[in-house]
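To start, the structure under review is shown below, and the notes come after it.
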Amino acid sequence: SSDLSHDEELFHHSVNVAILSTIVGIELEYSQKKLRKLAVSALLHDIGKLFSEDEREHLKLARRLLREKSDLDAGVVNAICQHHEHWDGQGYPAGLSGSEICQDARILQVTNTFDNMSTNSRYPMEEVIEYLMGQSGTQFEPASVRAFLNCVSFYPVGTMVELNTGERGVVLRSNRGFPTRPVVRVEQNQFGKVEPCYEVDLAVHPTYFVKNRLDEVTEG
């Protein structure tokens with residue numbers, strides 16, 4: 001995917017953030033109308049980057065561009081212009097904090113950061129999740145991080161995985177709130193097939209973690 005042009009990467013990123021944000025909105029029991037506004041905000045959150053790569057400049061351009069579109073909901077414009085604000089007030093452009101930041105922007109802060117960090121396996125998934133949890137209460141609203149972790153699963157049921165122990169198996173179910181720590185049915189270890197198979201719950205065993213998704217490994 002490094003062959004993608006800048007515009008294509010921007011498009012993929014915007015769609016990913018829209019999907020993730022909508023899932024979080026559903027988790028937070030948003031109405032259909034609120035979900036639609038959130039999805040539009042997410043799709044357009046980086047529209048300024050079509051004209052400038054500068055992080056601060058793209059927000060100014062977005063605000064100017066969106067203000068001219070008089071039919072666009074003010075809440076959508078706010079969400080887009082506030083998605084680089086931080087919960088503790090250390091973000092930009094206005095240094096807003098806490099409840100001064102609209103709720104849709106608080107969600108976008110989490111989903112945008114997650115997609116930027118995880119795209120093209122830029123960082124291991126464990127590191128991305130640790131970053132989100134570590135920044136909960138400073139960069140991110142804790143409730144938005146919690147909602148995100150509750151409803152996003154990185155190893156869907158049926159995914160073949162390899163653990164750091166060398167054991168391999170299939171994901172049986174995910175643990176709510178622990179998206180990188182599913183329950184795995186181990187089918188083989190470094191010595192070969194295991195009879196009978198056994199379950200390992202990664203939420204209970206902190207030293208175990210998923211090292212690879214095997215479907216991704218075989219494709220590469």
request  = Would you please report the Å³ per residue occupied by the convex hull of the alpha carbon atoms in segment 1-40?
outcome  = 50
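What percent antiparallel are the DSSP beta bridges of the chain, to the nearest 5? Before the final figure, lay out each step's value.
Working: 18 of 19 bridges.
So the antiparallel bridges in the chain amount to around 95 percent.
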query = If one takes the longest principal axis of the Cα atoms in the chain, at what angle in degrees, from 0 to 90 and to the nearest 10, does the Cα axis of helix 32-44 lie?
reply = 90
task = Please get the size of the charge dipole for the chain, origin at its Cα centre, with Cβ charges of +1 on Lys and Arg and -1 on Asp and Glu, quoted in debye to the nearest 20.
result = 600
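Which value in deg cm²/dmol, rounded to the nearest 500, describes the helix-derived mean residue ellipticity at 222 nm for the chain, given -39,500 (n - 2.57) per DSSP H run of n ≥ 4 and division by the residue count? Walk me through the numbers on the way to the answer.
Working: 8 runs with 99 residues, N = 220.
-14000 deg cm²/dmol, from helical runs alone.
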ask   = What is the helix-to-structure angle for 55-68, meaning the angle in degrees between its Cα long axis and the longest Cα principal axis of the chain, kept from 0 to 90 and rounded to the nearest 10?
value = 60
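Give me the percent relative contact order of the chain, please, defined on Cα pairs under 8 angstrom at least 6 residues apart. Don't skip to the end; give the middle numbers.
On the way: 341 pairs, mean separation 29.7, N = 220.
With pairs under 8 Å counted, the relative contact order is 14 percent.
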query = When the dipole is taken about the Cα centre of segment 82-161, and only Lys, Arg (+1) and Asp, Glu (-1) are charged at their Cβ, what size is it in debye, to the nearest 20?
reply = 140
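Where Rh denotes the Kirkwood radius from the mean inverse Cα pair distance, what is Rg over Rh for segment 1-90? Display every interim value, and only then the final one.
Values: Rg = 13.6 Å, Rh = 13.9 Å.
Over the Cα atoms of segment 1-90, Rg/Rh equals 0.98.
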task = Find how many whole Å separate the alpha carbon centroid of segment 42-112 from the alpha carbon centroid of segment 118-185.
result = 27
note = If exposed means chymotrypsin sites (Phe, Trp or Tyr not before Pro) lying in a DSSP loop and surrounded by at most 14 other beta carbons within 10 Å, then the longest stretch of the chain lacking such sites spans residues 52-190
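Taking the inverse of the average 1/r across all pairs of different Cα atoms in segment 1-152, what Kirkwood radius in Å do you get? Could the numbers behind the result be given before it?
Numbers: mean 1/r = 0.0646 Å⁻¹.
It is 15.5 Å.
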note = Here Rg/Rh (Cα, Kirkwood) for segment 39-126 equals 0.98
query = How far is helix 142-151 tilted, in degrees, relative to the longest principal axis of the Cα atoms in the chain, given as a value from 0 to 90 rounded to the nearest 10?
reply = 50
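Only the coordinates and a few stated rules stand behind these numbers; no lab work does. What you see is a predicted model; the values in this text were computed from it and never measured. Note: ideal-geometry Cβ built from the backbone for every residue, glycine included; neighbour counts use all protein chains shown.
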